[in-house]
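Accompanying notes for the structure given below.
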Amino acid sequence: MPSTSEDPRVNTPSLKDQVSAEEWQLRVDLAAAYRLVDLYGWSDLVFTHISARIPGPEHHFLINPYGLMFDEITASSLVKVDLQCNKVMDSPFPVNPAGFNIHSAVHEVRHDVGCVMHTHTVAGVAVSAQREGILPISQQSTFVLGSLAYHDYEGVAFREEEKPRLQADLGDKRFLMLRNHGLLVASRTIADAFLNMYLFENTCRIQLAAQSGGAALTEVDPGIMAGVSRASKVQTGGQGGNFVWPALIRKLDRVDPSYQT
């Protein structure tokens with residue numbers, strides 16, 4: 001077997017000169033998101049996805065090359081597909097149509113969404129199995145509860161007939177808890193998607209930690225929820241990319257800048 005450094009599946013020729021500057025920056029940011037998801041421990045081998053919509057009327061999207069670990073993904077290895085998950089640009093990598101089914105469902109109807117991120121973390125799946133879902137017991141949970149929807153489990157999400165129900169359940173929300181399955185965020189940008197998933201994941205981790213203590217839980221006063229939307233904008237500078245994303249990129253560059261290739 002070839003080593004990783006010699007494996008052509010990992011070392012992809014650069015596409016920087018073959019795509020627009022706008023698409024290249026989107027590729028770099030999406031590759032960074034994959035690396036950060038791995039860095040923060042949210043990956044599930046190769047079985048979850050982050051997709052990003054390429055601006056324009058063609059409805060083209062970028063998604064991970066199926067079979068690469070998230071810490072192997074680069075800007076050039078990302079695969080460009082249409083809403084049916086057909087490749088629209090030559091790529092040596094396979095795609096996973098079943099995995100893209102959820103993403104295409106969101107992208108079809110939410111034109112305000114530029115990035116969809118889906119995870120199968122232990123904390124996310126554990127809370128998704130709880131009948132009451134997210135509880136209002138932490139500051140983090142208040143940001144999520146302000147724009148949260150639920151979708152019931154229907155088995156592995158590869159059937160087209162599930163899409164209308166998922167779309168209806170999501171509505172105009174940013175956070176979607178897939179019952180017995182995991183977490184999903186639908187966000188304007190890749191930067192916002194990462195921050196939203198960070199909030200969603202930590203909400204679940206805090207809830208499990210609080211429940212494990214065995215003591216009665218104190219819920220946040222419902223009256224506070226009315227100001228959550230404004231507080232979120234103040235805390236993040238209006239959008240997640242303003243404060244958080246540049247710092248995350250600096251962190252990632254210190255660890256491994258190869259996602260940019």
Query raised in the report: Would you say Phe194 is in contact (Cβ under 8 Å) with a residue 40 or more places away in the chain and in contact with a Phe, Trp or Tyr (Cβ under 8 Å, 6 or more places away or on another chain)?
Result: yes
Query - Residue in segment 204-244 that is nearest to Gly133 (Cα to Cα), counting only those that are modelled with pLDDT of 95 or more and under 19 Å from the mean Cα position of the chain (by Cα) - result: Cys204
**Report entry** Residue list for segment 37-60, filter: free of Cβ contacts under 8 Å to residues at least 24 places away in the same chain and on the phi > 0 side of the Ramachandran plot
**Finding:** Gly56
Query raised in the report: Restricting attention to segment 35-54, which residues are surrounded by 21 or more Cβ atoms within 10 Å (Cβ to Cβ), of a type in the set (S, T, N, Q) and part of a loop (DSSP other than H, G, I, E, B)?
Result: Thr48
Query raised in the report: Taking the condition without any contact (Cβ under 8 Å) to a residue 60 or more places away in the chain, buried (at least 16 other Cβ atoms within 10 Å of the Cβ) and not aliphatic (A, V, I, L, M), does Cys85 pass?
Result: yes
Query raised in the report: Which of the residues belonging to segment 5-19 are at pLDDT 90 or above and surrounded by fewer than 12 Cβ atoms within 10 Å (Cβ to Cβ)?
Result: Asp17
Query raised in the report: Do we have any residue at all in segment 125-138 that's more than 24 Å from Gly223 (Cα to Cα), of a type in the set (D, E, K, R) and more than 18 Å from the chain's Cα centre (by Cα)?
Result: no
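The values are calculated or read from the model by the stated rules, or taken from the named source; none is laboratory data. None of these values were measured; they are calculated from a predicted model. FYI the Cβ positions are ideal-geometry reconstructions off the backbone, even for glycines, and counts take in every protein chain you see.
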